[in-house]
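J.: This is the structure, below, for whatever I ask next.
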Amino acid sequence: MPAPLLVPAKGDAFDFRLHAVYSWTAQNISYDELRFRAERYLPWAGGILRDQALDLGRAHEPHRSHELEQALNQRLANQRWPRVGPEPHFGVQVRVIPDERVRERLRPYWENRIWMECEHELQKIRARQVDELTRRWCALLQSMEDDPVTSHAARLTGDDFAEVFAHYVQERRGAVPDLVSLLREALQGHSDLGMGPSEYTEAWDAALRTYQRQHGLAEQAN
């Protein structure tokens with residue numbers, strides 16, 4: 001159709017615009033004859049389409065053009081007109097567009113929705129990057145912590161990294177003596193109770209020695 005068909009939407013305040021594509025078929029006639037007949041029957045075909053769409057259009061709200069398009073094409077599928085009588089016959093598919101006034105009202109909604117979805121995706125990307133970066137820094141700092149040359153090598157990467165790494169090592173090492181003291185007190189406390197050597201005492205002693213070795217602390221007599 002050279003121009004869209006107008007079908008009222010629910011409430012009759014707005015119209016849906018139906019853009020139709022007709023398929024004409026016939027047998028034993030030339031292409032030019034088929035085209036001539038199709039053009040002559042086009043107003044009649046448009047009337048049939050409008051009749052098929054009227055009740056569906058009024059069952060859909062003005063901004064539900066896509067739902068109307070699906071429902072109408074489902075109704076029109078595998079149908080041919082005229083059902084009986086001479087050729088040619090036609091079938092039709094439609095594309096439904098909402099009223100231009102409705103489209104203007106929908107524009108702010110979709111602008112906000114697009115902005116929110118894009119912002120949500122950016123936040124997810126940021127979260128993934130922060131998680132990945134945190135894991136990598138954690139692995140790097142843990143691998144460098146016990147190497148005696150890393151405190152000097154860190155300065156080669158820049159002042160910011162050197163400062164952060166120094167604070168990290170200082171805090172980690174500052175926490176270890178407190179843990180060692182707790183372990184030693186627990187071990188000594190059980191000795192004072194007269195428990196003697198036991199699997200429990202040996203486990204605490206092994207933990208104490210392991211932390212002392214890992215962090216370069218001189219082992220002290222219990």
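The values are calculated or read from the model by the stated rules, or taken from the named source; none is laboratory data. Treat the numbers as computed from the prediction; the structure is a model and nothing was measured. Glycine also receives a Cβ, built like all others from the backbone with ideal geometry; neighbour counts cover every protein chain displayed. For the accessible areas, the whole protein counts, side chains as well, though only heavy atoms, and no ligand, DNA or RNA atoms are used. Shrake-Rupley method; radii C 1.70, N 1.55, O 1.52, S 1.80 Å.
J.: Tally the residues that are touching a Phe, Trp or Tyr at 6+ places or on another chain (Cβ under 8 Å), charged (D, E, K, R) and open to solvent by less than 90 Å² (accessible area, probe 1.4 Å), restricting the search to the stretch 81-105.
T.: 1
J.: Restricting to the stretch 7-53, and then to whatever is in contact with a Gly (Cβ under 9 Å, 6 or more places away or on another chain) and among the aliphatic types (A, V, I, L, M), can you tell me which residue is farthest from H63 (Cα to Cα)?
T.: Of everything passing the filter in the stretch 7-53, A20 is farthest from H63 (Cα to Cα).
J.: Run I48 past the list (1) at pLDDT below 90; (2) open to solvent by less than 60 Å² (accessible area, probe 1.4 Å); (3) under 28 Å from P8 (Cβ atoms) and report the number of the one that doesn't hold.
T.: That leaves (1) as the condition not met.
J.: Evaluate the following for A71: is it small (G, A, S), touching a Gly at 6+ places or on another chain (Cβ under 7 Å), modelled with pLDDT of 95 or more and surrounded by 13 or more Cβ atoms within 10 Å (Cβ to Cβ)?
T.: no
Every residue, every condition in (1) surrounded by 12 or more Cβ atoms within 10 Å (Cβ to Cβ); (2) at pLDDT below 95; (3) within 41 Å of the chain's Cα centre (by Cα), yes or no:
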site: A3; (1), (2), (3): no, yes, yes
site: D15; (1), (2), (3): yes, no, yes
site: L18; (1), (2), (3): yes, no, yes
site: T25; (1), (2), (3): yes, yes, no
site: I29; (1), (2), (3): yes, yes, no
site: R35; (1), (2), (3): yes, yes, no
site: E39; (1), (2), (3): no, yes, no
site: A53; (1), (2), (3): yes, no, yes
site: G57; (1), (2), (3): yes, no, yes
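J.: In the stretch 28-45, what residues are within 30 Å of P8 (Cβ to Cβ) and of a type in the set (G, A, S)?
T.: A38, A45
J.: Moving to a separate point now. Just to verify a result, which residue in the stretch 1-47, among those that are in contact with a Phe, Trp or Tyr (Cβ under 8 Å, 6 or more places away or on another chain) and part of a strand (DSSP E or B), is farthest from R80 (Cα to Cα)?
T.: That would be P8.
J.: Six or more apart or on different chains, Cβ under 9 Å: which pairs go from a residue in the stretch 36-62 that's among the small types (G, A, S) to one that's loosely packed, with under 15 Cβ neighbours inside 10 Å and in a helix (DSSP H, G or I)? Could you list them?
T.: Final answer for the pair search is A53/R75.
J.: Sticking with this structure for a sec: Can you name the condition, by its number, that S65 falls short on among (1) under 26 Å from the mean Cα position of the chain (by Cα); (2) touching a residue at least 24 places away in the same chain (Cβ under 8 Å); (3) open to solvent by 80 Å² or more (accessible area, probe 1.4 Å)?
T.: With respect to (1) under 26 Å from the mean Cα position of the chain (by Cα); (2) touching a residue at least 24 places away in the same chain (Cβ under 8 Å); (3) open to solvent by 80 Å² or more (accessible area, probe 1.4 Å), S65 is out only on (3).
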